[in-house]
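Report on one structure; see the data block that follows.
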């Protein structure tokens with residue numbers, strides 16, 4: 001009987017830990033990175049920090065709008081290695097500074113980026129069909 005109670009307690013502990021892990025560790029793959037302007041911008045920095053450019057194409061409007069800088073970010077997976085290295089150099093360690101300004105279907109997100117994060121810039125985003133996309137910077 002003592003073994004039965006120990007086993008039951010162990011099962012409950014494992015189940016509780018498993019549920020906590022599912023709640024506390026959101027997976028970027030399972031979330032919509034286009035759900036808000038901040039997540040779009042943070043996805044740019046995340047790609048640079050992890051040398052993983054696979055999700056960048058999701059950050060641009062599928063209709064092809066956006067300036068050349070944004071398009072170059074979104075097409076980075078197909079870019080030459082030199083361009084990818086420059087992207088990592090400029091955007092790894094980047095950060096949002098100040099408060100994003102969001103007005104209906106347009107947003108401005110101020111950032112610091114560049115070697116040493118010494119350059120100020122603003123990402124301009126647009127919202128279409130419920131999703132946010134890079135438009136210019």
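Which of 40, 109 comes first, and how do the rest follow, when ranked by fewest Cβ neighbours within 10 Å? Display every interim value, and only then the final one.
Details: 40 22, 109 26.
Neighbour counts put them in this order, fewest first: 40, 109.
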**Asked** What list do you get for 101, 88 if you sort them by fewest beta carbons within 10 Å?
**Response** 101, 88
**Asked** Based on the Cα coordinates of segment 33-136, what is the per residue volume of their convex hull in Å³?
**Response** 84
**Asked** In which sequence would 126, 111 go, from the one with the fewest C-beta neighbours within 10 Å to the one with the most?
**Response** 126, 111
**Fill in**
From the Cα centre of segment 94-137 to that of segment 36-93, the distance in Å is 13
**Asked** By how many nm would the segment from residue 65 to residue 102 grow when fully extended, if each residue of separation counts as 0.36 nm and the alpha-carbon distance is taken off?
**Response** 11.4 nm
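We did not get these values from a lab; they are worked out from the coordinates using the rules stated. Since the model is a prediction, treat every value here as computed from it, not as a measurement. Cβ coordinates were reconstructed from backbone atoms using ideal geometry, including for glycine residues, and neighbour counts include every protein chain displayed.
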